[in-house]
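Participant: My questions all concern the structure below.
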Amino acid sequence: MDPKYGFNAVERKIQQRWAKQDCFTVNDDDPRPKYYSLCMWPYPSGDLHVGHLRNYAIGDVWARHKRMLGFNVLQPMGWDAFGKDAELKANKLGVHPAKWVKQNTANMRRELKELGFMIDWNRELNASNLKYYRWEQLLFVRMWEQNLVYYEPTKVLWDKATKTVTSRRDIDDGKVAKEDIEIKVMPAYLMRLREYANQLLDGLTQVNWPEKIIKDQQYLIGRSEGMTLHFALVGNAPVDALEVYTTRPDTICGVTYMAVAASHPLAQAAASDNPKLAKFCTQCEQTLPMDAGNPHTEKQGMPLDFTVVNPVSGKHVPVWVADYVVDDYGSGALMGVPAHDERDFKFATRYQIPIIRVINLDQQDPHRPITQAETSSGIAVNSGELDGLDLKGCVSKLEEMLGPDKARRDYGLSLRDWPINRHMYWGTPIPIVICSDCGRVPVPEHQLPVSLPNDFKHGPQALADHPDFAFCPCPRCGAKARRETDTMDTFVNSAWYFARFTCPDNSTQMIDNRAKRWLPCDHYFGGDEHAQGHLVYARFIHKVLRDLGLYPKGCGDEPFQALLCQGMVLGADGKKMSKSQDNTIMAKHILDCYGADTARLYIIGMGNPKDAYPWNEEHVKDHAMFLQNLWQLALKRRDQIAAGKEQKLAPELQLNLNKILNNIDRNLRDQHLNNLVFGGIHSIRNLIRDNADSAAMQYQGFMHLLKVMNLICPHIAEELWQQLGFEGLVIDSAWWPALTDADLHSATTVFVVQVNGKRRDQFEAPFDTDATELLELAQQRPNIARYISGKQIAKSKVIRQGNSHGLIFFALR
RNA sequence: GCCGAGGUGGCGGAAUUGGUAGACGCGGCGGACUCAAAAUCCGUUGUUAGCGAUAACGUGAGGGUUCGAGUCCCUCUCUCGGCACCA
């Protein structure tokens, strides 16, 4: 054993051993119970940064622990290699994106291996590989046939500078300049997320996720309960009735105007012979989502020449076009109830529209003046037949009065269907052929895949201008036709990769029977910045795969049983790492300077996985030092360890060890992984260090210590395991059995004595000493007698906690 | 505005979910070893008073429930993260 610990030599040696013994390969038919532990696959940006390090270190602790508990653990890895960022970067460097991806994945794979993660590299996937994306095309075709994808003009944010569709996120992040954005209506391929909205909502009750993420998902889906109501139009309107959705049908008699979105047929009809109105409508439609969306901004509108009749009160109210009406929510129209809605109140105040209270709160005077929108629920007043009813009562009454044609229960969704096409080269080609006679024809399955041509040209016209790719015969009529030259969003790639990991090598089937063995994923790890969009898409596609029969039966309704969203690693300055701030830290830096084990020990010990922490290089050094010292300690105690194998640990040492082990188990259960380092590893080390005279302690201590260390810093753990004479590999050793009450039971119990809730004394006694005797003993103690003497005891009690703690309290009158 | 997380020593952070607040680590102070330094080891370290046993105070602020509150309830405040005209 080398007297000095050299992480380089140790880590290389151990990695070679793992490779030689094929430690990370996972067999589908292994008899042990399965455990599928998945970390989000990275975008191959070039180098792993410390955020990746954190994600995979956390996942690896979990996976290794499950393995030691006797599970057959699948932990795969792949590359989210398609997408705009890769295309832009490759274009800038003047190389083919495939080449760029290849270099980067090679580099990142090497770094991941150097970090010693327990990844089955036989299952590696790459989204930009034909072997992967061909199946995505099959999925698309099947979805098209089932009308789960459709083609329709949709509003997009168009970046004039790069001539691509962009996202709100990119604008918010500053990647795209706001001045370059315009709102364009472009045809899009949309996946029917809304069709699955209720399932996506229901599924959330089945998963073990952080409450926040569940709330976010619910909010994103945004289902509200309400009614759709018909208001008859009077005069020369192009249609008979205006349909609106409302969650407050009880306020129907408070309607003093109606408002429609600028793109609503009524507004468009009115604008056709009114240039001023037309201008206003265009202006509304060009408002960027981040400029709208603020409830505090002034609402703007223009009156139309239409009037509707309130179906309950019979009153006539005007129809306006207003900029705060969202065109793709409900019917793109709303009933304006200024008394009971904040936005309507603002609008009505601005345009001097009447405000009528129809809901009374707290039995106050219904005629008092209205100074602000009263949005709480209450009882209808001033509402004719609805008077005296609450919301629920109003719903029933309206159904009864107006009948299903004019009033029906309905719900609203804020979830939009998912536009999946991008005007880019670097993505999965959409398998559609556009024929002037047949329309959009899906590529027949036997003609799949549609390969991305090898010659790369950047930009939205890349494929459209490609002579070989862009044209082909129509699969239906054989006439000369054009291919769809948009490619798919990378979110599609990452919406099913977890399923393909179960059968990455199948060249004849998208997903085979092995999926049944592995799915659903037992635990999913990733950054919470991906928490909302990606999770909805992946959950949706999972359900689609199930419904289309592309899954074997029994893969579950939800793809991810448990979820951990880890916080960010911030720069040393406490700010979000970014290139512009020049505060990014690459995994390579820490790997080169301190080694994988130190890197992992630091990143796990950093703090609660859920929270964000700034980088602190000093702390990294502390951990490096810890491993150095531990190595020395092992060296010193090696002979004792051998001797201690057959010896029994003294009871109190055993108890101390058991307490730490129990703590470790609890922290693993609660995902407080940072406590494994200080409360776990350090504590066992201290026990070993401070009990040099106990050979049994040396043996037991190191054995357990190395098992915990295997989760976090596996190389040094593996090396010491062997050097200290333990059998086999630590990675294949078994975790300790769960500790029982008996294991944590001490011979003597410390009883703390409290008087009026303040700790005044403590003494030791056998755990099961009779309660009256304990009370007596406590009262006799001078320190307690001092407080109690001469006073009356109102209450006293003995509480035994756990197995080694007791509490005696006296409450004085 | 809405949703969520949080505020504990000089610092990172513990606290078995209502029961000895500050585990463990870093840093500080004192000591041993050393010509000296580094490393290592031992002791000490919330604040105040006291040689001391001990006492008072102490988990963002204020109130409440309780024999007992970092933990539960109410009010306020500050920080961070996410979402935002969804009728």
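Participant: Please sort A:435-444, A:311-320 by packing, taking for each peptide the average over its residues of neighbouring beta carbons within 10 angstrom, highest first.
Facilitator: Numbers: A:435-444: 16.0, A:311-320: 17.5.
Highest mean packing first, the order is A:311-320, A:435-444.
Participant: Further question on the same structure: How long is the gain from A:Asp2 to A:Lys648 if the chain were fully straight, where each residue apart is worth 0.36 nm and the alpha carbon distance is subtracted? Each step should come with its number before you reach the end.
Facilitator: On the way: separation 646, 0.36 × 646 = 232.56 nm, distance 2.96 nm.
Once the chain is fully extended between A:Asp2 and A:Lys648, it gains 229.6 nm.
Participant: Just to confirm the number: angle between the C-alpha axis of helix A:342-351 and the first principal axis of chain A, 0 to 90 degrees, nearest 10?
Facilitator: That works out to roughly 30 degrees.
Participant: Rounded, prolate or oblate for chain A? Axes are the square roots of the Cα gyration tensor eigenvalues, ordered a ≥ b ≥ c, and the cut-off for rounded is a/c under 1.5.
Facilitator: Values: a/c = 2.56, a/b = 1.38, b/c = 1.86.
Oblate, since a/c reaches 1.5 and b/c is not below a/b.
Participant: From the phi angles alone, apply the Karplus equation (6.51, -1.76, 1.60; θ = phi - 60°) to the range A:677-690 and give each ³J(HN,Hα) in whole Hz, x where the residue is Gly or Pro.
Facilitator: With the stated coefficients, the range A:677-690 comes to 6, 7, x, x, 4, 4, 5, 5, 4, 5, 4, 5, 4, 7 Hz.
Participant: Another question, then. Under 1.5 on a/c is rounded, so check that first for the range A:165-312, then, if it is not, pick prolate when a/b is larger than b/c and oblate when it is not; a ≥ b ≥ c are the square roots of the alpha carbon gyration tensor eigenvalues. If you can, show how the numbers build up before the last one.
Facilitator: Working: a/c = 2.17, a/b = 1.26, b/c = 1.73.
Oblate is the answer for the range A:165-312, as a/c is 1.5 or above yet b/c matches or exceeds a/b.
Participant: What spacing in nm lies between the two simple spin-label points modelled at A:Arg416 and A:Lys184, each 7 Å away from Cα in the Cβ direction?
Facilitator: 1.6 nm
Participant: For the range A:362-398, list residues with backbone N below 11 Å from a point placed 7 Å from the Cα of A:Glu225 toward its Cβ?
Facilitator: A:392-393
Participant: On to the next question. Could you size up the charge dipole of the range A:91-249 around its Cα centre, putting +1 on the beta carbon of Lys and Arg and -1 on that of Asp and Glu, and report it in debye to the nearest 20? Could the numbers behind the result be given before it?
Facilitator: Numbers: 24 positive and 21 negative charges, 147 e Å.
Roughly 700 debye for the range A:91-249.
Participant: Quick one: if you stick a label point 7 Å off each Cα along the C-beta vector at A:Asp240 and A:Gln532, how many nm between them?
Facilitator: 4.0 nm
Participant: Zone of A:Ile434 (label point 7 Å along Cα→Cβ, backbone N under 13 Å): which residues in the range A:77-91?
Facilitator: No residue qualifies, since no backbone N sits under 13 Å from the label point.
Participant: Need the C-alpha centroid separation for the range A:216-266 versus the range A:751-800, integer Å.
Facilitator: 70 Å
Participant: To continue, here is another question. Search the structure for amide H atoms under 5 Å from the amide H of A:Asn72, placed 1.01 Å from N in the peptide plane, and list their residues when 5 or more places away or on another chain.
Facilitator: Result for A:Asn72 returns A:Lys34, A:Tyr35.
Participant: Quick one: which of A:715-722, A:228-235, A:645-652 comes out on top by average Cβ neighbours within 10 Å, and what's the full order, highest first? Numbers along the way, then the final one.
Facilitator: On the way: A:715-722: 24.4, A:228-235: 17.1, A:645-652: 13.0.
Top of the packing list down: A:715-722, A:228-235, A:645-652.
Participant: Based on the Cβ-Cβ distance of A:Lys155 and A:Lys276, what FRET efficiency does E = 1/(1 + (r/R0)^6) give at R0 = 22 Å, to the nearest 0.05? Mind showing how you got there, number by number?
Facilitator: Details: r = 23 Å, r/R0 = 1.06.
Taking R0 as 22 Å, the efficiency between A:Lys155 and A:Lys276 is 0.40.
Participant: Ok, one more. Would you work out which of A:Ala771, A:Leu668, A:Gln722 lies farthest towards the positive end of the dipole of the range A:637-771, given +1 charges on the beta-carbon of Lys and Arg and -1 on that of Asp and Glu, about the Cα centre?
Facilitator: A:Leu668
Participant: So what's the back-of-envelope 222 nm ellipticity for chain A, counting only DSSP H runs of four-plus at -39500 (n - 2.57) apiece and dividing by all residues, rounded to 500? Intermediate values should be presented prior to the final figure.
Facilitator: Values: 26 runs with 289 residues, N = 813.
Taking each H run of at least 4 residues, the total per residue is -11000 deg cm²/dmol.
Participant: Listed here are the pairs A:Lys621/A:Lys648; A:Lys92/A:Lys175; A:Lys4/A:Lys575; A:Lys588/A:Lys636; A:Lys516/A:Lys543; which of them are more than 26 Å apart at the Cα? Provide the component values of the computation, followed by the final result.
Facilitator: Details: A:Lys621/A:Lys648 37 Å; A:Lys92/A:Lys175 15 Å; A:Lys4/A:Lys575 37 Å; A:Lys588/A:Lys636 32 Å; A:Lys516/A:Lys543 14 Å.
The pairs that break the limit, which is 26 Å between Cα atoms, are A:Lys621/A:Lys648; A:Lys4/A:Lys575; A:Lys588/A:Lys636.
Participant: So if I take the centroid of the Cα atoms in the range A:143-197 and the same for the range A:446-497, what is the distance between those two points in Å?
Facilitator: Cα centroid to Cα centroid, the span is 18 Å.
Participant: Subtract the Cα-Cα distance of A:Asp592 and A:Leu93 from 0.36 nm times their separation in residues, and report this length gain in nm to one decimal.
Facilitator: Details: separation 499, 0.36 × 499 = 179.64 nm, distance 2.68 nm.
The span from A:Asp592 to A:Leu93 would gain 177.0 nm if fully extended.
Participant: Using r as the Cβ-Cβ distance of A:Asn629 and A:Asp47, and R0 as 25 Å, what FRET efficiency do you calculate, to the nearest 0.05? Before the final figure, lay out the partial values.
Facilitator: On the way: r = 31 Å, r/R0 = 1.23.
After rounding to 0.05, the efficiency reads 0.25.
Participant: So if we plug the beta-carbon distance of A:Ala771 and A:His682 into 1/(1 + (r/R0)^6) with R0 = 41 Å, what FRET efficiency do we get, rounded to 0.05?
Facilitator: Values: r = 38 Å, r/R0 = 0.92.
Using R0 = 41 Å, I get an efficiency of 0.60.
Participant: Turning to a different aspect of this structure: Under a 5 Å amide H to amide H cut-off, with H placed in plane at 1.01 Å, what residues pair with A:Met258 once short-range neighbours are removed?
Facilitator: Correct list: A:Val319, A:Trp320, A:Gly336.
Participant: Measure off 7 Å from each Cα along the Cα-to-Cβ vector at A:Leu130 and A:Ala470, then give the distance between these two points in nanometres to one decimal.
Facilitator: So the label points at A:Leu130 and A:Ala470 sit 2.2 nm apart.
Participant: If you don't mind, another one. Just report the Cα centroid separation between the range A:280-321 and the range A:354-398, whole Å.
Facilitator: A separation of 23 Å, based on Cα centres.
Participant: For A:Gly527, which sequence-distant residues (separation of 5 or more, or a different chain) have an amide H within less than 5 Å of its own amide H, given hydrogens modelled in the peptide plane?
Facilitator: A:Gln566
Participant: Residues of the range A:302-317 with the amide nitrogen closer than 14 Å to a label point 7 Å from the Cα of A:Glu385, along Cα-to-Cβ, please.
Facilitator: Those under the cut-off are A:310-315.
Participant: For A:Arg781 and A:Gln199, calculate 0.36 nm times their separation in residues minus their Cα-Cα distance, and state this gained length in nm to one decimal.
Facilitator: Result for the pair: 203.0 nm of gain on full extension.
Participant: In addition: Please give the charge dipole size of chain A, origin at the Cα centre, charges +1 on K and R Cβ atoms and -1 on D and E Cβ atoms. Round to the nearest 20 debye.
Facilitator: Values: 95 positive and 98 negative charges, 299 e Å.
So the magnitude is around 1440 debye.
Participant: Can you tell me the orientation of helix A:771-780 relative to chain A, as the angle in degrees between its alpha-carbon axis and the longest Cα principal axis, to the nearest 10?
Facilitator: Approximately 70 degrees, to the nearest ten.
Participant: Binning at 10 angstrom from zero up to the longest distance, how are the C-alpha pair distances of the range A:516-588 distributed in percent?
Facilitator: Reading upward from the zero bin: 17, 34, 23, 16, 9, 0.
Participant: Right, another one. Let me know the shape class of the range A:691-813, please: from the alpha-carbon gyration tensor, a ≥ b ≥ c as square roots of the eigenvalues, rounded when a/c is under 1.5, otherwise prolate if a/b is greater than b/c, or oblate. Write down the numbers at each step before the final one.
Facilitator: Numbers: a/c = 3.69, a/b = 3.51, b/c = 1.05.
Since a/c reaches 1.5 and a/b is larger than b/c, the shape of the range A:691-813 is classed as prolate.
Participant: In chain A, what percentage of the DSSP-assigned beta bridges are antiparallel, given to the nearest 5?
Facilitator: Details: 72 of 98 bridges.
Taking every DSSP beta bridge with both residues in chain A, the antiparallel ones total about 75 percent.
Participant: Could you list the trypsin sites (Lys or Arg not before Pro) in the range A:355-420 that lie in coil according to DSSP, counting only those with at most 14 other Cβ atoms within 10 Å of their Cβ?
Facilitator: On the way: sites: A:Arg357, A:Lys392, A:Lys397, A:Lys406, A:Arg408, A:Arg409, A:Arg416; in loops: A:Arg357, A:Lys406, A:Arg416.
Taking the range A:355-420 and a limit of 14 other Cβ atoms within 10 Å, the loop trypsin sites (Lys or Arg not before Pro) found are A:Arg416.
Each value in this text was obtained by applying a stated rule to the coordinates, not by laboratory testing. Only a predicted model underlies this, so the values are computations on that prediction, with no experimental measurement involved. No Cβ is skipped: glycine too gets one built from the backbone with ideal geometry, and neighbour counts run over all protein chains shown.
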